[in-house]
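The values are calculated or read from the model by the stated rules, or taken from the named source; none is laboratory data. Quantities reported herein were computed from a predicted structural model and do not represent experimental measurements. Backbone-built Cβ (ideal geometry, glycine too); neighbour counts: all protein chains shown.
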Amino acid sequence: MNIHAPIYIAGHRGMVGSAIMRRLREAGYDNFILRTSVELDLRNQVAVAEFFAEIKPEYVVLAAAKVGGIQANNIYRGEFLYDNLMIQSNVIHHSYLNGVKKLLFLGSSCIYPKMAPQPLQEESLLTGPLENTNEPYAIAKIAGIKLCDAYRSQYGCNFISAMPTNLYGPHDNYNLQNSHVLPALIRKFHEAKKAGLPEVEVWGTGTPRREFLHADDLADACVWLLENYSEPGLINIGTGEDLSIKELAELVKRTVGYEGDIRFNPEYPDGTPRKLMDVNKLTRHGWKARIGLEEGVAAVYAEFVAQPDAVANR
């Protein structure tokens, strides 16, 4: 990649897109094409067509998506399916039409079947039923992977797909109505500490196991893939290590300095029992995550404390 080549980052203000842009800047890249969702609605095919025809980016990072936790995924099922299908289909198609040299499509570990063997291998895609609570989002992401592969096969496009595990980091979403588990726990324990509450409710039983990757590690992997990788199919990005939600809650409790109790509420769904990525494919290429979970959680909590109002309202 030429460091002066125009790079369009779709979703540059989100946690993933902003981390990738920071990492690209660190690597010397300096020609970024950026549009907010107000400036460019990626669900609008005509608007996307006009944008690509005018700007002609050479590289595209597709990090834009409608995202949320279990509750949001389960309630807004139509929006999660429609919006994500439209966003990725428009960007991928017009990248092809306008001769984009390389596109990186970012999916999610939720693409794998609910009961797929652990750790999750790339070959497990489409081998069983999905977790119901986030099935619409997962179906959209699977369609994105297959669209990249189809354009690679039919048109020779250098479009690649990467599947990150659960992410956290700067610019995360701490809104309790639609955030993921880690930022939600940080906000719950912080607010309980401030208010002197005797306990914090955590959704589910606490038994599901999850893997967490810092956004800066993801960004480092993505830049490596853009510079070095070109294969069909998908590649996992993760740490290769997991912990239970109970253990995660206890880690956040210690980090925040909350001294009350944790109460698990089994009336809320647990989601998939375990999601641990098999990262051997990426490891064999020479890339490995560097930021430990305890270190990473401490860093994002420091950001939360420094800007509580701005962060909590994202």
Report summary line: Scanning the stretch 279-288 residue by residue, those under 18 Å from residue 234 (Cβ atoms), in a loop (DSSP other than H, G, I, E, B) and out of contact with any Gly (no Cβ under 7 Å at 6 or more places or on another chain) turn out to be 285, 287
Report task. Within the stretch 35-79, track down each residue that is aliphatic (A, V, I, L, M), surrounded by 15 or more Cβ atoms within 10 Å (Cβ to Cβ) and assigned to a loop (DSSP other than H, G, I, E, B). Result -> 40, 42, 63, 64, 65, 67
Query raised in the report: Which number in (1) over 19 Å from the mean Cα position of the chain (by Cα); (2) under 23 Å from residue 15 (Cα atoms); (3) not aliphatic (A, V, I, L, M) marks the one condition that residue 244 misses?
Result: (2)
Report task. May I ask you to verify whether residue 246 is surrounded by fewer than 18 Cβ atoms within 10 Å (Cβ to Cβ), farther than 22 Å from residue 171 by Cα and either basic (Lys, Arg) or modelled with pLDDT of 95 or more (or both)? Result -> yes
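So, in the stretch 1-32, exactly how many residues are crowded, with 18+ Cβ neighbours inside 10 Å, more than 15 Å from the chain's Cα centre (by Cα) and not basic (Lys, Arg)?
Step one: of the stretch 1-32, the residues crowded, with 18+ Cβ neighbours inside 10 Å are 7-12, 14-21, 23-24, 29.
Filter once more, so that each one left must be more than 15 Å from the chain's Cα centre (by Cα): 7-8, 23-24, 29.
Subset that is not basic (Lys, Arg): 7-8, 24, 29.
Of the residues in that region, 4 qualify.
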Report summary line: Just one listed residue, out of 165, 207, is among the β-branched types (Val, Ile, Thr), touching a residue at least 24 places away in the same chain (Cβ under 8 Å) and over 14 Å from residue 249 (Cβ atoms), and it is 165
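Yes or no, residue by residue, for (1) assigned by TED's automatic domain parsing to the domain that holds residue 146; (2) aliphatic (A, V, I, L, M); (3) buried (at least 22 other Cβ atoms within 10 Å of the Cβ):
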residue: 191; (1), (2), (3): no, no, no
residue: 196; (1), (2), (3): no, no, no
residue: 201; (1), (2), (3): no, no, no
residue: 221; (1), (2), (3): yes, yes, yes
residue: 256; (1), (2), (3): no, yes, yes
residue: 260; (1), (2), (3): no, no, no
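Which residue out of 197, 176 is hydrophobic (A, V, I, L, M, F, W, C) and farther than 14 Å from residue 256 by Cα?
Numbers: 197 fails: farther than 14 Å from residue 256 by Cα.
Only one candidate qualifies: 176.
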Query - Residues of the stretch 22-72 satisfying the condition of being in contact (Cβ under 8 Å) with a residue 60 or more places away in the chain and farther than 30 Å from residue 272 by Cα - result: 22, 23, 24, 27, 59
